[in-house]
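To keep things clear, I will list the structure first and then write my remarks on it.
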Amino acid sequence: MRPNAPTAIQRDGRTLLLAMDHGLEHGPTDFEPVPDTVDPETVFDVATHDAVTALAVGKGVAETYYPSYEDDVALVAKLNGATNLRLGEPVSPKNMTVDYAAELGADAVGYTLYPGSNHEPEMFEEFRAVQERAREYDLPVVLWSYPRGQGVKNDTKADVIAYAARIALELGADVTKIKHPGSREAMAWATRAAGEVDVLVSGGSKTDERAFLETVRSTLDAGGTGLAVGRNVWQREDPERMLDALERVVFEDDTPDAALRGAVA
């Protein structure tokens, strides 16, 4: 796709990727705060909000639910994932091919990589095959770049986050999802390290509304192009209000305070 990718999952050059790969990665416990969200249709309905530019889900959810929403939701097909039940070095097995994602109508593909894990070599090789096959379909590639494992002492350290962003560039991703390193200056260094790769901040665990919006605002001010968010939207009793606020911050460049004032109550 590069350069000037990926318009298929963007609006006005920015991305708000709603993620729902939590059922595999964390188990049903992530849906307990708002029990209705254990039904994927609930989150697909949330994803039809104008602020959402794409929804990231895995194979089974995409097969079962996406056909009913393909006219209203852009799909990022998550090609790999792992449970939190196993012990040992982080690894994320591939469970869907690029070919099958394209058959499902995906607008982009996503892949989680754990640089620093002892399984890094095979994950790099697997990602190489994913990236090259995606190029044949002209599908943007979103890389969840999460340094973890014995080689990583602090996965939120500024230099580690910048390294994660740079890895996305070096391996040929179009978009990368990284953690926030704690300051706008550190995020600016990470976005510079990523070159032409679009940088999305990870939404992480549900937190205070204003603090969350401040993180998004600082990412955009630092050169990021948006966010990938799950729990900070669909774990709320009123996800539409949060999406209204995010729309103002991401696409209208509002401050968090102005966005919250303008969001639907």
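The values are calculated or read from the model by the stated rules, or taken from the named source; none is laboratory data. Computed from a prediction, not measured in an experiment: that's the story for all the values here. A quick note on method: Cβ atoms are made from the backbone with ideal geometry, for glycine too, and the neighbour counts reach across all protein chains shown.
Could you tell me which numbered condition LEU85 fails, if it satisfies all but one of (1) closer than 21 Å to ARG231 by Cα; (2) at pLDDT 95 or above?
(2)
Which condition number does GLY230 fail, the rest of (1) under 22 Å from PRO33 (Cα atoms); (2) buried (at least 21 other Cβ atoms within 10 Å of the Cβ); (3) free of Cβ contacts under 8 Å to residues at least 60 places away in the same chain being met?
Only one criterion in (1) under 22 Å from PRO33 (Cα atoms); (2) buried (at least 21 other Cβ atoms within 10 Å of the Cβ); (3) free of Cβ contacts under 8 Å to residues at least 60 places away in the same chain is unmet by GLY230, namely (3).
How many residues are at negative phi, surrounded by fewer than 24 Cβ atoms within 10 Å (Cβ to Cβ) and touching a residue at least 40 places away in the same chain (Cβ under 8 Å) if we restrict to the stretch 171-185?
Final tally of qualifying residues: 1.
Please find, within the stretch 110-142, the residue that is nearest to ALA74 (Cα to Cα) out of those that are among the small types (Gly, Ala, Ser) and in a helix (DSSP H, G or I).
So in the stretch 110-142, the residues among the small types (Gly, Ala, Ser) come out as 110, 116-117, 129, 134.
Now restrict to residues that are in a helix (DSSP H, G or I): 129, 134.
Details: ALA129: 23, ALA134: 16 Å.
Per the criteria, the residue is ALA134.
Restricting attention to the stretch 43-79, which residues are more than 18 Å from the chain's Cα centre (by Cα) and among the polar types (S, T, N, Q)?
Correct list: THR64, SER68.
If I go through the stretch 196-246 residue by residue, how many of them are touching a Leu at 6+ places or on another chain (Cβ under 8 Å) and of a type in the set (D, E, K, R)?
Of the residues in the stretch 196-246, 3 are touching a Leu at 6+ places or on another chain (Cβ under 8 Å) and of a type in the set (D, E, K, R).
Filter the stretch 186-227 down to the residues that are more than 21 Å from ALA54 (Cβ to Cβ), small (Gly, Ala, Ser) and surrounded by fewer than 18 Cβ atoms within 10 Å (Cβ to Cβ) and list them by number.
Selection gives GLY195, SER205, ALA211.
Which number in (1) within 27 Å of LEU169 (Cα to Cα); (2) among the small types (Gly, Ala, Ser); (3) out of contact with any Asp or Glu (no Cβ under 6 Å at 6 or more places or on another chain) marks the one condition that GLY105 misses?
Against the list (1) within 27 Å of LEU169 (Cα to Cα); (2) among the small types (Gly, Ala, Ser); (3) out of contact with any Asp or Glu (no Cβ under 6 Å at 6 or more places or on another chain), GLY105 comes up short only on (3).
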